[in-house]
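**Student:** Got a structure for you, written out below as structure tokens; questions coming shortly.
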Amino acid sequence: MVQTMGENDIDVTDESFIRDLGLILELTKGSIYRSMGIPHPTHAFFETLVNITVDDDKNIYSQINLDTMVKFVEFSKYSKDDDDPPEVS
């Protein structure tokens, strides 16, 4: 996949790309571990950020909770030296 991206003028050597790909790989590993019954820290992350619904025909839909993701990112930026930490709901 990375080779194909490089062949299509995606800069796969860019630090941001490498960081993003590292996260994608870890999230994928968490999904594989779950299917094998092995605990992984990403499981709680998935359960917090992804809402699943099943309709009457048993079709499964997922939706990323972007509001929660934004709150998580803002909270993770919080510095212990900051006098006014973000509010957690």
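**Student:** Under 7 Å between Cβ atoms, which residue pairs at least 6 apart in sequence (or on different chains) link something in region 60-77 that is in a helix (DSSP H, G or I) with a partner that is modelled with pLDDT under 95 and surrounded by 11 or more Cβ atoms within 10 Å (Cβ to Cβ)?
**Tutor:** Here the result reads Thr68/Thr48; Thr68/Leu49; Met69/Leu49; Glu74/Pro86; Phe75/Pro86, each pair linking region 60-77 to a residue that is modelled with pLDDT under 95 and surrounded by 11 or more Cβ atoms within 10 Å (Cβ to Cβ).
**Student:** A further question on this structure: Identify the single condition in (1) modelled with pLDDT of 95 or more; (2) surrounded by 10 or more Cβ atoms within 10 Å (Cβ to Cβ); (3) among the aliphatic types (A, V, I, L, M) that Ile24 does not satisfy, given that it satisfies every other one.
**Tutor:** Result: Ile24 passes all but (1).
**Student:** For the subset of region 1-46 comprising residues that are in contact (Cβ under 8 Å) with a residue 12 or more places away in the chain and aliphatic (A, V, I, L, M), which member is nearest to Gln63 (Cα to Cα)?
**Tutor:** The qualifying residue nearest to Gln63 (Cα to Cα) is Leu27.
**Student:** Now for a different question. What's the number of the condition Ile32 fails, among (1) over 30 Å from Gln3 (Cα atoms); (2) β-branched (Val, Ile, Thr); (3) modelled with pLDDT of 95 or more?
**Tutor:** Single failed check for Ile32: (1).
**Student:** Across region 35-59, what is the number of residues that are surrounded by fewer than 11 Cβ atoms within 10 Å (Cβ to Cβ), part of a helix (DSSP H, G or I) and modelled with pLDDT under 95?
**Tutor:** Summing the residues that are surrounded by fewer than 11 Cβ atoms within 10 Å (Cβ to Cβ), part of a helix (DSSP H, G or I) and modelled with pLDDT under 95 in region 35-59 gives 1.
**Student:** Oh, and also: Filter region 60-83 for residues that are at pLDDT below 65 and among the acidic types (Asp, Glu); which is surrounded by the most Cβ atoms within 10 Å (Cβ to Cβ)? Quick ask: steps written out before the conclusion?
**Tutor:** Narrowing region 60-83 to residues at pLDDT below 65: 79-83.
Keeping just the survivors that are among the acidic types (Asp, Glu) gives 81-83.
Numbers: Asp81: 5, Asp82: 9, Asp83: 5.
This residue is Asp82.
The values are calculated or read from the model by the stated rules, or taken from the named source; none is laboratory data. Keep in mind that what you see is a predicted model, and the values were worked out from it rather than measured. With ideal geometry, Cβ positions are generated from the backbone for all residues, glycine too; neighbour counts draw on all protein chains shown.
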